[in-house]
């Protein structure tokens, strides 16, 4: 079945993130692409590319603009997202908080493995369920608690990434990859693992299993880049 034609309110925009000097030099010209189209009383937002640290507030601004153009909220198609870290998740969470304040909803209708993994690790997947699922019995109070917890743990996760970058000379993406793999292989929530790594800077050794998985993930990256 052919894709519905874009409405007059549809928008396409490739976002180029500027470098430290204010120009786009030194950056990949397109980190992500956002397209929107209206379907009934909702706006479908499709994101392709990378939802990562370099985005600053660009993605959040696009989501809020789309939300303002909608009647009942947004449906997100994240099926072609190549990479997603806490910055991308934070943009989704803040947009959803704004949607709740306006009596609207934001749902994820499709998600790439990178997005699904992050939503699962942070426990925020249920916040982006369909309206029918929410009406079937989801308690709004529980959603708010989950939202606040996810927002609160973001700084600790970012600090843990910084620890890994400084300790092993990793890039932001590589540090994120180490965190995710260690979290999955030790069956530890991402924010708990981040707390262990941050505490290590203060002299409190992480659990041995965490140390082993972090070392293994770093070694794997070194082998791949050799």
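Only one of the numbered conditions (1) crowded, with 19+ Cβ neighbours inside 10 Å; (2) in a strand (DSSP E or B); (3) within 12 Å of the chain's Cα centre (by Cα) is violated by residue 88, and that is (2).
For (1) at pLDDT 85 or above; (2) assigned to a loop (DSSP other than H, G, I, E, B); (3) under 22 Å from residue 114 (Cβ atoms); (4) in the same structural domain as residue 122 (by TED's automatic domain parsing), each residue gets a yes or a no:
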residue: 156; (1), (2), (3), (4): no, no, yes, no
residue: 162; (1), (2), (3), (4): yes, no, yes, no
residue: 165; (1), (2), (3), (4): yes, no, yes, no
residue: 170; (1), (2), (3), (4): yes, yes, yes, no
residue: 175; (1), (2), (3), (4): yes, no, yes, no
residue: 179; (1), (2), (3), (4): yes, no, yes, no
residue: 195; (1), (2), (3), (4): yes, no, no, no
residue: 205; (1), (2), (3), (4): no, yes, no, no
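Can you tell me which residue within segment 91-114, out of those that are part of a strand (DSSP E or B) and farther than 18 Å from residue 41 by Cα, is nearest to the chain's Cα centre (by Cα)? The qualifying residue nearest to the chain's Cα centre (by Cα) is 111.
From the list 226, 219, 150, 132, the lone residue that is modelled with pLDDT of 80 or more and either assigned to a helix (DSSP H, G or I) or surrounded by fewer than 17 Cβ atoms within 10 Å (Cβ to Cβ) (or both) is 219. If you scan segment 178-217, which residues turn out to be under 20 Å from the mean Cα position of the chain (by Cα) and more than 15 Å from residue 120 (Cα to Cα)? Within segment 178-217, 178, 194, 195 qualify.
When segment 167-185 is filtered for residues that are surrounded by 19 or more Cβ atoms within 10 Å (Cβ to Cβ) and farther than 16 Å from residue 88 by Cβ, the ones remaining, listed by number, are 170, 174, 178, 182, 183. Scanning segment 73-82 for residues that are more than 14 Å from residue 97 (Cα to Cα) and touching a helix residue (DSSP H, G or I) at 6+ places or on another chain (Cβ under 8 Å) yields 76, 78, 81, 82.
Across segment 34-81, the number of residues qualifying as assigned to a loop (DSSP other than H, G, I, E, B), touching a strand residue (DSSP E or B) at 6+ places or on another chain (Cβ under 6 Å) and under 22 Å from residue 116 (Cα atoms) comes to 1.
Restricting 75, 80, 21, 12 to those that are over 24 Å from residue 190 (Cβ atoms) and at pLDDT 90 or above reduces the list to 75.
The values are calculated or read from the model by the stated rules, or taken from the named source; none is laboratory data. Bear in mind that the values here come from a model prediction, so they are computed numbers and not experimental data. Heads up, the Cβs are rebuilt from the backbone with ideal geometry, glycines too, and the neighbour counts pull from every protein chain shown.
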